[in-house]
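Novice: The following block contains the structure, expressed as structure tokens.
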Amino acid sequence: MRFSYSQPYFIPFPGFFVRASLVDRFVLLDSVQFPRGFTWLRRNRLKGKDGTLWLSVPIKRKGMGFRPISEVEIFYGENWIRKHLLSIKHSYLHAPYFDEIFPEVERIYRRYHKKLLNFNFEFLHLIREKFYFRDNYLLQSNLGVEGKKEGLLLSLAEKLGAEEVLLNKEARSHLNLDFLIKEGLKIRFFEYRFPVYPQLWGDFIKDLSSLDILFNLGPAAARHIFKYQRPT
């Protein structure tokens with residue numbers, strides 16, 4: 001059995017979902033510490049008429065300390081939801097699948113989730129469903145597994161009964177792969193190959209949130225992003 005893992009990012013790029021589709025179980029690390037500084041947990045990029053468009057979700061900072069991702073709360077003291085929705089609408093109003101995708105995006109925003117995890121989780125499931133990928137997500141907190149780096153990875157493998165893990169190529173720089181192999185875990189790597197697809201507003205920009213390809217391609221997005229994607 002093969003597994004992989006990631007933090008539960010905010011409307012992630014298509015490679016996140018493709019990697020999840022290539023494994024039996026995909027663990028969302030909600031018990032690890034919320035990172036300081038820049039994080040994809042609350043920011044991502046779309047494309048507007050002036051180029052890259054950043055969306056950022058405000059969080060409550062006071063008293064947060066070293067909290068796990070699962071405990072981070074959204075801050076509603078500013079009208080950021082209206083700004084997000086207007087930015088998305090202005091950027092994609094003329095995209096082929098705006099009328100299909102936007103109402104579902106708006107519904108998620110209008111639920112006013114208390115926790116960032118729940119907000120992100122709804123987007124993950126919406127995008128996964130639009131890509132027609134199966135639901136194989138598990139929350140780390142529901143597995144009762146703790147640890148850091150190699151220890152966490154091995155604990156997850158043991159809990160899941162997995163013999164193989166699918167890692168991003170970047171894992172080579174921050175994990176002791178030799179140790180993991182000695183412990184009996186088979187390692188495979190995944191590098192997302194970015195497809196070029198029709199976008200609004202000029203030259204193609206890669207690395208965008210999955211919403212960009214869904215607004216532009218709709219149901220055809222899954223076939224487009226999955227082509228030639230295989231673990232090595």
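The values are calculated or read from the model by the stated rules, or taken from the named source; none is laboratory data. Predicted, not measured: the structure shown is a model, and the values here were computed from it. With ideal geometry, Cβ positions are generated from the backbone for all residues, glycine too; neighbour counts draw on all protein chains shown.
Here is a yes/no grid of residues against (1) touching a helix residue (DSSP H, G or I) at 6+ places or on another chain (Cβ under 6 Å); (2) in contact (Cβ under 8 Å) with a residue 60 or more places away in the chain; (3) surrounded by 16 or more Cβ atoms within 10 Å (Cβ to Cβ):
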| residue | (1), (2), (3) |
| --- | --- |
| 45 | no, yes, yes |
| 49 | no, yes, no |
| 57 | no, yes, yes |
| 61 | no, no, no |
| 74 | yes, no, yes |
| 77 | no, no, no |
| 84 | no, no, yes |
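Novice: Go through the stretch 154-211 and report how many residues are within 21 Å of residue 12 (Cβ to Cβ), hydrophobic (A, V, I, L, M, F, W, C), at pLDDT 95 or above and in a helix (DSSP H, G or I).
Specialist: Qualifying residue count for the region: 2.
Novice: Moving on to the next point. Filter the stretch 168-194 for residues that are surrounded by 17 or more Cβ atoms within 10 Å (Cβ to Cβ) and closer than 21 Å to residue 206 by Cα and give the result.
Specialist: Selection gives 190, 192.
Novice: Take the residues of the stretch 114-148 that are polar (S, T, N, Q) and in contact with a strand residue (DSSP E or B) (Cβ under 7 Å, 6 or more places away or on another chain): which is farthest from residue 19 (Cα to Cα)?
Specialist: So, considering only residues that are polar (S, T, N, Q) and in contact with a strand residue (DSSP E or B) (Cβ under 7 Å, 6 or more places away or on another chain), the one farthest from residue 19 (Cα to Cα) is 140.
Novice: Here's another thing I want to ask about it. Test residue 105 against the stated conditions and say whether it is farther than 14 Å from residue 215 by Cβ and among the β-branched types (Val, Ile, Thr).
Specialist: no
Novice: Restrict the check to the stretch 16-35 and report whether at least one residue is buried (at least 19 other Cβ atoms within 10 Å of the Cβ), closer than 20 Å to residue 206 by Cα and without any contact (Cβ under 8 Å) to a residue 40 or more places away in the chain.
Specialist: no
Novice: Something else: Return yes when residue 98 is farther than 26 Å from residue 31 by Cα, in contact with a helix residue (DSSP H, G or I) (Cβ under 8 Å, 6 or more places away or on another chain) and modelled with pLDDT under 95 and no when it is not.
Specialist: no
Novice: Considering (1) at positive phi; (2) touching a residue at least 60 places away in the same chain (Cβ under 8 Å), say which one residue 211 fails and leave the rest.
Specialist: (1)
Novice: Of the numbered conditions (1) part of a loop (DSSP other than H, G, I, E, B); (2) touching a Phe, Trp or Tyr at 6+ places or on another chain (Cβ under 6 Å), residue 76 satisfies every one except a single condition; which is it?
Specialist: Exception for residue 76: condition (2).
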